[in-house]
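Each remark here refers to the structure printed beneath this line.
Just so it is clear, none of the values below were taken in a lab; they were calculated from the coordinates. What you see is a predicted model, and the numbers here were worked out from it, not measured in a lab. Methodologically, a virtual Cβ is constructed for each residue, glycine included, from the backbone with ideal geometry; neighbour enumeration extends over all protein chains shown.
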């Protein structure tokens, strides 16, 4: 076949145009392979309050890093799938990320369920996987390739019990909901209570649809407890808070990090006054001391997120930011995307200051947060205040 | 233990009054069409969420509440006109068909609400303060009295409407025998529209009255719908007094069960009691005493 002008033109129209367009869009990756960050998140469905800010944060941060020249001179390429909170879908998407998209690292898994569905795949494929879900089981026992950024419910229990002990309480009444978060935290609190010399004198529960918890609180009132701890999520804790005041329990009330948002104060009204709960520094960016190591990063993230999306920042988006930055730092430290080297670099993370706290990982700790990651807050005058 | 049982009763009645209002909505549609409207919980949600949005816009409660109820009535009429009436055009649709359509409508309305509103939980300010009232050692929120009062007024008004007015009697006639009713010149289509408008209004009223206590969000319809349906079954479907009795009883069983036995088994206790009642009185507490309406 001779190279006559017509056949060249035909070749160009037939092949170069359709192929050329996507290549042009991916132009930054032209010279060098991009670093592929894979993610599966619960952007829709019941856990969308987790996945939605996580996706927005990942997109915002990848855009920012690429605008600043990428990592090691290579661009970041983000591949996000929506698992809608379904563990089966999460498994399928994780498989696709590993086999088709050939990602270098996975930052995702909004819920413990979706994360655990993907863990065996990442382990088998040997790809670093940074989960954004809460439960302890993700990193305990330690899995070679799996890491996570959020605090665990056990840490929340520890933080609360430490505060109770400092106030001289030893008898605690526990009230919890029937949801997954509530049950998991209740279990962890029961487990760690003896470590802090705490005695659980009442253990009441309520259903997800319950509209009145006065019966449980009346029982607690007569249980001889010195403080009440509510492990809950959603509207339940706000109803508990209101009923707590209505029944006149008269004991200090602690809530979990699950309700650490302005919404909780708004729903509970003046009944929330004096309630204490552990929360990440991100929520109280303004209140942090000027020399607080987390102050710059949480302030910058909050301003960027709220400026771009015009909605209130949440700790969940912060977990995604931390996950991405841990991966980016590990790639930098490893000097490339060799998966084993990136994994080792992740495990060697030391003193990374994120929105969730200061992260120092080790071979036995793939989360790397300690109790200082939580701040004890108290509701005062309809707003948060830091407990010194 | 002495004074606490009174608090269990008070808490049970508060929850029970909420179930009763939802159960009443089930009863109206059942009364007119023998169908169960599984979108009833969504009317509760629409009422509550609309009121919250209107209050957020700066409207005072006494304007926001009627507007929210009116909004739900329009939705109820649209549902009847666009979904159920079409199934019925060309004759009388099967009751099962209607029930399945209402399930679809419920899913559709919930999805739509998530697009229109956000997925967050909202509270409405209490109508008359949130200082609890103490009655003999037990404390009750003023808003609970609003809910109880609302349920009482609704029962009386519905009783009067269905037994004393011509249109109410026409609705009952349609329920008993649609064909005969049509031959007598009753617009059965109009009757179905009215029953949906009434059910939507009642559901929305329930949503508005309970929003300060239970809060409201786009998915509240599922939870309240289930408990309301259980209460309506317990009391006897189609009976207004039964719906209220069933709701209050369900709330009381839950409250006393949580107080004296264990809060973990509270729902189980409630459902065991319902099963037992339906086993011995298949028509429900009140329904059993009335034979098939003739």
- Task: Please provide three numbers in whole Å: the alpha-carbon extents of region A:48-206 along the principal axes, with the largest listed first.
- Result: 56, 34, 29
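Counting other C-beta atoms within 10 Å, which of A:83, A:203, A:344, A:104 has the fewest, and how do the rest follow?
On the way: A:83 29, A:203 18, A:344 15, A:104 22.
Lowest to highest Cβ neighbour count: A:344, A:203, A:104, A:83.
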- Calculate the mean, over all residues of peptide A:213-224, of how many other protein chain Cβ atoms lie within 10 angstrom of the residue's Cβ. 6
- Task: Treating the angle as unsigned and between 0 and 90°, give the value, to the nearest 10°, between the Cα long axis of helix B:266-280 and the longest Cα principal axis of chain B.
- Result: 40 degrees
- Across the Cα atoms of region A:114-238, what radius of gyration and what greatest pairwise Cα-Cα distance (Dmax) are found, in Å? 17.1, 55
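Fewest Cβ neighbours within 10 Å first, please rank A:319, B:122, A:196 accordingly.
Details: A:319 30, B:122 23, A:196 16.
So the ranking, lowest neighbour count to highest, is A:196, B:122, A:319.
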- Message: Can you report the principal axis dimensions of region A:223-356 using only the alpha carbons, biggest first, rounded to whole angstrom?
- Response: 61, 35, 28
- Query: Between residue A:388 and residue A:339, what is the spin-label point distance in nm, taking each point 7 Å from the Cα along the Cα→C-beta axis?
  - Reply: 5.2 nm
- Item | Distance in nm between pseudo-label sites at residue A:87 and residue A:350 (7 Å out along the Cβ direction from Cα) | 3.8 nm
- Which value, in Å to one decimal place, does the Kirkwood hydrodynamic radius take for chain A when every pair of different Cα atoms is included? 22.4 Å
- Message: Per residue, how big is the convex hull of region A:31-117 when only Cα atoms are used? Give it in Å³.
- Response: 78 Å³
- Item | Relative counts (whole %) of C-alpha pair distances in region B:114-232, using bins that are 5 Å wide | 2, 9, 14, 17, 15, 14, 11, 8, 6, 3, 1, 0
- Message: Starting from the Kirkwood Rh over alpha-carbon pairs, what translational D in µm² s⁻¹ does region B:212-286 have by Stokes-Einstein at 4 °C and 1.567 mPa s?
- Response: 101 µm²/s
- Query: In nanometres, what is the gap between the two model label sites at residue B:268 and residue A:162, each 7 Å from Cα along Cα-to-Cβ?
  - Reply: 3.8 nm
- Item | Helix B:220-235 vs. chain B, principal-axis angle (Cα, 0 to 90°, nearest 10) | 80 degrees
- Query: What is the mean projected area of the alpha carbon convex hull for region A:215-302, to one decimal in square nanometres?
  - Reply: 6.4 nm²
- Exposure proxy ranking, count of Cβ atoms within 10 Å, fewest first, for A:212, A:270: A:270, A:212
- Task: Provide the percentage of antiparallel DSSP beta bridges, counting only those with both residues in the protein assembly as shown; round to the nearest 5.
- Result: 35 percent
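For region A:143-191, what does the alpha-carbon gyration tensor say about shape, rounded, prolate or oblate, given a ≥ b ≥ c as the root eigenvalues, a/c under 1.5 as rounded, and a/b over b/c as prolate? Walk me through the intermediate numbers first.
Working: a/c = 3.17, a/b = 1.56, b/c = 2.03.
Judged from the Cα gyration tensor, region A:143-191 comes out oblate (a/c at least 1.5, b/c at or above a/b).
When N counts the residues of chain B, how does its alpha-carbon radius of gyration compare numerically with 2.2 N^0.38 Å, as a ratio?
On the way: Rg = 19.0 Å, N = 294, 2.2 N^0.38 = 19.1 Å.
Ratio of Rg to 2.2 N^0.38 Å for chain B: 0.99.
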- Mind checking which of B:71, B:137, B:168 has the largest fluctuation in a GNM of chain B, springs on alpha carbons under 10 Å? B:137
- Task: Please work out the Cα center distance from region B:15-74 to region B:187-242, rounded to the nearest Å.
- Result: 7 Å
- Item | Potential extension, residue B:133-residue B:61 segment - 0.36 nm per residue separation minus Cα distance | 23.7 nm
- Three-way shape label, region B:49-103, alpha-carbon gyration tensor, a/c 1.5: prolate
- Once the Cα atoms of the protein assembly as shown are picked out, what are the Rg and Dmax in Å? 28.9, 104
- Identify which of A:241, A:115, A:214 has the largest mean-square fluctuation in a Gaussian network model of chain A, with springs joining Cα atoms closer than 10 Å. A:214
